[in-house]
Amino acid sequence: MKTKKLRLIIALCLLTGLLNAQFIAFPFATGVHNFVPNQVAGIGNFPSLGTVRAKLHVDVFRLAPSTTGVNNGELFRTDGESTFPCTWQMFTGATQASLTEKGLIYVPANDSSFVIQATASDLILADNKNKISVAEIIEMQKEILVLKQEIAELKKEK
């Protein structure tokens with residue numbers, strides 16, 4: 001009974017256009033990345049296999065206009081229980097066995113803080129013109145504090 005109900009729900013979603021996810025089941029090349037079977041998900045009505053450009057690609061321009069009031073700019077969201085840390089992590093390595101964590105974004109359990117953490121090296125903030133590490137920002141803050149103290153001393157001498 002449950003299987004029939006689930007199949008009916010999936011069929012109705014497909015027929016009404018509510019479901020716009022494509023799970024690509026064979027290899028193809030996009031010109032940017034080569035993908036292997038069953039390892040790509042495109043959310044949107046992609047016209048061809050080569051238009052999915054990442055392992056997970058959300059493309060608002062390929063979705064039907066919202067009928068639920070969800071803004072087209074609201075592309076990705078995760079909801080987590082506040083009594084547990086809500087974490088996104090990034091690992092890299094030459095093999096599965098050699099993976100090391102490079103960084104994470106998280107909200108600690110029972111806390112309202114939002115944390116971006118580099119776990120293997122420096123956390124670097126960059127745009128297309130400038131690049132600055134968090135260590136450099138801390139050093140600048142120390143220098144500013146020293147300058148403020150010197151200014152206060154100069155004001156006392158007057």
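For K102, a cut-off of 13 angstrom between C-alpha atoms picks up these aspartates and glutamates, skipping any fewer than 8 places away in its own chain: D122. Simple spin-label estimate for N45 and A109 gives 4.5 nm between the two label positions (7 Å along the Cα-to-Cβ direction from each Cα).
The overall shape of region 44-158, judged from the alpha-carbon gyration tensor, is prolate: a/c is not under 1.5, and a/b is greater than b/c.
Laboratory data are not the source of any read-out in this text; all were calculated from the coordinates shown. Worth saying up front: this structure is predicted, and the values here are computed from it rather than measured. Don't worry about glycine lacking a Cβ; one is built from the backbone with ideal geometry, like all the others, and counts go over all protein chains shown.
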